[in-house]
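None of the figures in this text is laboratory data; all of them are computed from the coordinates on show. Computed from a prediction, not measured in an experiment: that's the story for all the values here. All Cβ positions, even for glycine, are placed from backbone atoms using ideal geometry, and neighbour counts span all protein chains on display.
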Amino acid sequence: MTQEVTGTFAELGLHPSILAALVAVGYEEPSPIQSQAIPVILAGHDMIGQAQTGTGKTAAFALPILSKIDPAKRELQALILAPTRELALQVATAFETYSKQMPGLNVVAVYGGAPMGPQLKAIRQGAQVIVATPGRLVDHLSRNDQLLSTISHLVLDEADEMLKLGFMDDLEVIFQAMPASRQSVLFSATLPASIRTIAEKHLREPKHIKIAAKTQTVSLIEQAHLMVHADQKVQAVARLLEVEEFDALIAFVRTKQATLDLASALEAKGYKVAALNGDIAQNQRERVIESLKDGRLDIVVATDVAARGIDVPRITHVLNVDMPYDPESYVHRIGRTGRAGRVGRALLLVTPRERRMLQVIERVTGQKVAEVRLPNGQQVLDARIKKLTNSLSPLVADAEASHGELLDRLVADIGCSPRALAAALLRKATNGQSLSLADVEREQPLVPSVSAPRERRERDGERSGEFTPRERRAPVPLAEGRARCRTALGTRDGIAAKNLLGAILNEGGLAREAIGRIQIRETFSLIELPEEGLDRLLGKLKDTRVAGKALKLRRYRED
Ligand code: AMP
């Protein structure tokens, strides 16, 4: 089956069992970070990769490391460190997926907030890959300092996030517990001085890998993005298609399976749609493109590979259902519209974890990709009625002359009013389509928009509310020259003082002495900062995340 993997994955030198797993997940070709990182890691070099979520970075380290692991040896061989429990679980799942064809390969995830017993048991039973958050791993090390003595591959994933969370000391303990001969790979979206220091100290002549970001121009294309949760993309697409006035549209997804799934979901809704992916024979692909050109099809759901070179002037819309791997492929994708000097429209679905990739795209293209909301039920209904109006209005002019008499006769025969008859004809003509608000909302359950301000506040744990009685304490007097700031993160978000301190020191560039008292409560925390330059500091910390959540530090007024 491996010959089905596009040349490039096979050419990278991955183990045949990994190639077989890639066929099963339906990846068609390596993403740019994968093409660059995989050979370097396979060759045994230490590496620093600058890449954010959405670039395919997990597979960029998981695939070569799995290729080098010996599943017959029942001992820990690879350690992946991740800043949060969610990321650790996600990485562990990715390792499991890519090692499906490697019998005997076991992965264990080790993170806080879960009992240690089962984690220890999985390690003892011979797992070869351990994916861990630093804090919990240090707890394990304090019970067994030999735990990591057989590790030959280390990955620090989202290293900048780890430092923001205050894991610097834990990392040092972990480094000391591993053999110096190991291979070390570090991935980070940014490379602040603190990361460079770690790399200098603990990596050996690392190769640097970064996706070149050339400025690109996309002037004739109107761009917008929508925030959605990953599991709501199909509903979101369905709603969008109702209100967007498109002629032909190309929707981009990442895998072959996704092309098939989305195309069949849209076909069930009555669209003229086809899937286009690398498994489809060349002559069939050409037929699909011809059909899109001449209007037998209106929508094509494609992977990047399969859509290469499509030039169909009818395409008014590009819908990025899955995030592209890098700004260049975004620019390629949206270049499928706006052909021949026409204005095109490009929409991008963004999941909460992908916000950063959106920022990178904006930076590289030099354009803001404005946020729009998912259409609500009323907008869908209005769009349906508008289509109906447009299809009926040209018929009204001469219909009375041709069908007026018939109408009179039917009204008389049935014994109903002309209005009742017109309503019956409409029902027939619209073929059961929902044309009332209640029906539309029943048919398309409302997709909660990720960025609805209220929801976002709740999700990020920010409460505008007051102190709960348990939290109410007499305010502590402030020292001169200090201001008190508040964040909605507290112990229930897994925050400790060292996390806040780590984040503010790293991102804010303050000296330790500049930070005063820190009070951590269940649902919020207070921190004393220098009054001088406070606004600038809060600006710097605007996008800072702690424990995977937005810090959103604000000036706190006691009154
Ligand atoms: P990551 O940047 O590691 O968070 O990956 C983002 C998403 O891209 C994940 O859902 C992966 O399953 C998917 N992905 C990674 N590499 C590929 C590839 N070569 N082809 C298609 N999808 C991929």
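Which whole-Hz couplings ³J(HN,Hα) result when phi for each residue of segment 36-45 is put into the Karplus expression 6.51 cos²θ - 1.76 cosθ + 1.60, θ = phi - 60°, listed in order with x for Gly and Pro?
7, 7, 4, x, 5, 5, 4, 6, x, 6
Checking the table LYS498/LYS542; LYS121/LYS164; LYS164/LYS207 against a 26 Å threshold on Cα-Cα, which pairs fail? Could the numbers behind the result be given before it?
Values: LYS498/LYS542 19 Å; LYS121/LYS164 31 Å; LYS164/LYS207 24 Å.
Listed pairs above 26 Å: LYS121/LYS164.
Listed highest first by mean packing, meaning other Cβ atoms within 10 Å per residue, what order do 508-516, 349-357 come in?
Working: 508-516: 13.8, 349-357: 19.3.
Per-residue Cβ counts within 10 Å, averaged per peptide and sorted highest first, yield 349-357, 508-516.
Charges on Cβ only, +1 for Lys and Arg, -1 for Asp and Glu, centred on the Cα centroid of segment 365-413; of GLN379, ASN390, HIS403, which one is farthest towards the dipole's positive end?
So the residue furthest toward the plus end is GLN379.
Residue by residue through segment 517-523, which ³J(HN,Hα) values in whole Hz follow from phi under the Karplus form 6.51 cos²θ - 1.76 cosθ + 1.60 (θ = phi - 60°), with glycine and proline marked x?
Taking θ as phi minus 60°, the curve returns 5, 10, 10, 9, 10, 5, 10 Hz for segment 517-523.
Hey, if you put +1 on the Cβ of every Lys and Arg and -1 on every Asp and Glu Cβ in the chain, which of VAL237, GLY13, THR55 ends up farthest toward the positive end of that dipole?
Toward the positive end, the furthest listed residue is THR55.
Please give the calculated 222 nm ellipticity per residue for the chain, where each DSSP H segment of at least 4 residues contributes -39500 (n - 2.57) and the sum is spread over every residue; nearest 500 deg cm²/dmol? Before the final figure, lay out the partial values.
Numbers: 22 runs with 239 residues, N = 559.
About -13000 deg cm²/dmol.
So what are the radius of gyration and Dmax for the Cα set of segment 293-415, in Å?
In order Rg, Dmax, the Cα atoms of segment 293-415 give 22.1, 69 Å.
Hey, if you put +1 on the Cβ of every Lys and Arg and -1 on every Asp and Glu Cβ in segment 485-559, which of LEU534, ALA497, THR544 ends up farthest toward the positive end of that dipole?
THR544
Might you report the magnitude of the Cβ-based charge dipole of segment 308-422 about its Cα centre, with Lys and Arg at +1 and Asp and Glu at -1, to the nearest 20 debye?
Numbers: 18 positive and 13 negative charges, 148 e Å.
Rounded to the nearest 20 debye, it is 700 debye.
So, with +1 on the Cβ of K and R and -1 on the Cβ of D and E, and no other charges, what is the size of the charge dipole of the chain about its Cα centre, to the nearest 20 debye? Don't jump to the answer; show the numbers that get you there.
Details: 74 positive and 68 negative charges, 194 e Å.
About 940 debye.
VAL301's amide H: which non-local residues (gap 5+, or another chain) put their own amide H closer than 5 Å, with H modeled 1.01 Å from N in plane and none for Pro or chain starts?
Amide H neighbours of VAL301, under 5 Å, 5+ apart: ALA251, ALA274, ALA275, LEU276.
What percent do you get for the relative contact order of segment 312-354 when only Cα pairs under 8 Å and 6+ apart count? Please report the intermediate quantities before stating the final value.
Working: 55 pairs, mean separation 23.0, N = 43.
Once normalised by length, the contact order is 54 percent.
Quickly rank 533-544, 382-393 as a protection proxy: mean count of other C-beta atoms within 10 Å, highest first.
Working: 533-544: 14.8, 382-393: 12.8.
Per-residue Cβ counts within 10 Å, averaged per peptide and sorted highest first, yield 533-544, 382-393.
What residues qualify as long-range amide H neighbours of ALA109, i.e. H under 5 Å apart, gap of 5 or more or another chain, H built at 1.01 Å from N?
Those lying under 5 Å, H to H, from ALA109 are VAL131.
From largest to smallest, what semi-axes in whole angstrom does the chain give when each is the square root of 5 times an eigenvalue of its alpha carbon gyration tensor? Let's see the in-between values first.
Values: eigenvalues 487, 216, 92 Å².
For the chain, the semi-axes come out at 49, 33, 21 Å.
Expressed as a rounded percentage, what relative contact order does the chain have, with Cα pairs under 8 Å and six or more residues apart? Write down the numbers at each step before the final one.
Numbers: 938 pairs, mean separation 75.3, N = 559.
Averaging sequence separation for qualifying contacts and normalising by length gives 13 percent for the chain.
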